[in-house]
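First the structure, which I've put down as structure tokens, then a few questions once you've had a look.
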Amino acid sequence: DGGITQSPKYLFRKEGQNVTLSCEQNLNHDAMYWYRQDPGQGLRLIYYSQIVNDFQKGDIAEGYSVSREKKESFPLTVTSAQKNPTAFYLCASSQRPGTSYEQYFGPGTRLTVT
Amino acid sequence: GDSVTQMEGPVTLSEEAFLTINCTYTATGYPSLFWYVQYPGEGLQLLLKATKADDKGSNKGFEATYRKETTSFHLEKGSVQVSDSAVYFCALSSDSNYQLIWGAGTKLIIKP
């Protein structure tokens, strides 16, 4: 079955540590995205990538970093510089960047930093 | 800039009631419009979409019509079930960039 996998589902870290969230897709999609969702709120775009070895900052990129070395993988690192990292993180992909191409989402990773 | 406005929730209905969740948008050009659904603790799933004016998207009994004259894409269902309880997001994808612009989401609670 094609889809997007995110691991782990729950992640706990101490303040001051960097943590990397995994996102893998086997849909052969060109574009991939990372969103942050806080309780009772909508989605905010962190980073997106339209093609391998290229990515752009979204609305809230500060304190985060990404890489896109392979088409199927788009890991997100939450650095110690992120002031309030506890949130639900969602990875998505779309066939290619374009207005009619819907995004497909993974199950999400809930990160708790204490 | 482009934006999406959804009605605030939560919306609480009894089973078999008629559902409307309002969504209006501001965008230049000819955006595509989407409704996504998020069940508790899960990622988002595409519910339906429309890519041009007067298109009607439909899925699982839900419908929404792309109304350019009123810049709206309201979600409707004739008879809701308890299993429809979730958060519903309206989104648009515009000509000016390839990102999705999201509404804040509307939480729907269906009581038996």
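The values are calculated or read from the model by the stated rules, or taken from the named source; none is laboratory data. Here the structure is a predicted model, which is why all the values come from computation and not from measurement. Ideal geometry is used to build each Cβ from the backbone, glycine not excepted, and the neighbour counts take in all protein chains shown. These area figures cover heavy atoms from the full protein model, side chains too; ligands, DNA and RNA do not enter into them. Shrake-Rupley method; radii C 1.70, N 1.55, O 1.52, S 1.80 Å.
Please work out which one of (1) modelled with pLDDT under 95; (2) surrounded by fewer than 21 Cβ atoms within 10 Å (Cβ to Cβ); (3) not aromatic (Phe, Trp, Tyr) is the condition B:Leu19 fails and give its number.
In the conditions (1) modelled with pLDDT under 95; (2) surrounded by fewer than 21 Cβ atoms within 10 Å (Cβ to Cβ); (3) not aromatic (Phe, Trp, Tyr), B:Leu19 misses (1) alone.
In contact with an Asp or Glu (Cβ under 8 Å, 6 or more places away or on another chain) and surrounded by 14 or more Cβ atoms within 10 Å (Cβ to Cβ), is that true of B:Leu13? Steps first, answer last, please.
On the way: in contact with an Asp or Glu (Cβ under 8 Å, 6 or more places away or on another chain): no; surrounded by 14 or more Cβ atoms within 10 Å (Cβ to Cβ): yes.
Spelling it out, it is not the case that B:Leu13 is in contact with an Asp or Glu (Cβ under 8 Å, 6 or more places away or on another chain) and surrounded by 14 or more Cβ atoms within 10 Å (Cβ to Cβ).
Still on this structure, I have one more. Of the residues in the stretch B:22-49, how many are open to solvent by less than 60 Å² (accessible area, probe 1.4 Å), in contact (Cβ under 8 Å) with a residue 24 or more places away in the chain and within 11 Å of B:Val87 (Cα to Cα)?
So the count comes out to 6.
Just to be sure before I move on: is B:Glu69 open to solvent by 70 Å² or more (accessible area, probe 1.4 Å) and under 14 Å from B:Cys23 (Cβ atoms) in the structure I sent? Break it down stepwise before answering.
Details: open to solvent by 70 Å² or more (accessible area, probe 1.4 Å): yes; under 14 Å from B:Cys23 (Cβ atoms): no.
No.
If you take the residues of the stretch A:26-46 that are of a type in the set (S, T, N, Q) and more than 18 Å from B:Gln99 (Cβ to Cβ), which of them is farthest from the other protein chains (Cβ to nearest Cβ)?
In the first step, residues of the stretch A:26-46 are kept if they are of a type in the set (S, T, N, Q); the result is A:26, A:28, A:37, A:41.
If we keep only those that are more than 18 Å from B:Gln99 (Cβ to Cβ) too, we end up with A:26, A:28.
Values: A:Asn26: 16, A:Asn28: 18 Å.
The selected residue is A:Asn28.
Quick check on A:Ser80: is it of a type outside the set (Phe, Trp, Tyr), at pLDDT below 95 and either over 11 Å from the mean Cα position of the chain (by Cα) or over 17 Å from A:Asp30 (Cα atoms) (or both)? Before the answer, list the steps.
On the way: of a type outside the set (Phe, Trp, Tyr): yes; at pLDDT below 95: yes; either over 11 Å from the mean Cα position of the chain (by Cα) or over 17 Å from A:Asp30 (Cα atoms) (or both): yes.
Yes.
Inspect all residues belonging to the stretch A:67-88 and state whether any of them is within 12 Å of chain B (Cβ to nearest Cβ), within 20 Å of B:Leu47 (Cα to Cα) and touching a residue at least 40 places away in the same chain (Cβ under 8 Å). Can you show your working first?
The initial filter retains those residues of the stretch A:67-88 that are within 12 Å of chain B (Cβ to nearest Cβ), namely A:88.
Okay, now just the ones that are also within 20 Å of B:Leu47 (Cα to Cα), so none.
Looking for residues that are within 12 Å of chain B (Cβ to nearest Cβ), within 20 Å of B:Leu47 (Cα to Cα) and touching a residue at least 40 places away in the same chain (Cβ under 8 Å), one finds none in the stretch A:67-88, hence no.
When the stretch B:71-112 is examined, which residues are found to be in contact with a helix residue (DSSP H, G or I) (Cβ under 9 Å, 6 or more places away or on another chain) and either at the interface with another protein chain (Cβ under 9 Å from one of its Cβ atoms) or among the aliphatic types (A, V, I, L, M) (or both)?
B:Leu108, B:Ile110, listed by residue number.
Quick check on the stretch A:8-39: of everything there that is open to solvent by 60 Å² or more (accessible area, probe 1.4 Å) and within 14 Å of the chain's Cα centre (by Cα), which residue is nearest to A:Gly63 (Cα to Cα)? Break it down into steps so the answer makes sense when it comes.
As a first pass, look at the stretch A:8-39 and keep what is open to solvent by 60 Å² or more (accessible area, probe 1.4 Å): A:9-10, A:12-15, A:17-18, A:20, A:24, A:26, A:28, A:39.
So of that shortlist, the ones also within 14 Å of the chain's Cα centre (by Cα) come out as A:9, A:20, A:24.
Working: A:Lys9: 21, A:Thr20: 12, A:Glu24: 22 Å.
Among them, the one singled out is A:Thr20.
Quick one: A:Gly63 ticks every box in (1) at pLDDT 95 or above; (2) away from every other protein chain (no Cβ under 14 Å); (3) on the phi < 0 side of the Ramachandran plot bar one, so which box is it?
With respect to (1) at pLDDT 95 or above; (2) away from every other protein chain (no Cβ under 14 Å); (3) on the phi < 0 side of the Ramachandran plot, A:Gly63 is out only on (3).
Spot the failing condition for B:Asn59; the list is (1) more than 25 Å from B:Glu16 (Cα to Cα); (2) without any contact (Cβ under 8 Å) to a residue 24 or more places away in the chain; (3) within 14 Å of another protein chain (Cβ to nearest Cβ), and only one is missed.
That leaves (1) as the condition not met.
Name every residue in the stretch A:89-106 that is open to solvent by 10 Å² or more (accessible area, probe 1.4 Å) and either within 12 Å of A:Leu21 (Cβ to Cβ) or acidic (Asp, Glu) (or both), in order of residue number.
Answer for the stretch A:89-106, where residues must be open to solvent by 10 Å² or more (accessible area, probe 1.4 Å) and either within 12 Å of A:Leu21 (Cβ to Cβ) or acidic (Asp, Glu) (or both): just A:Glu102.
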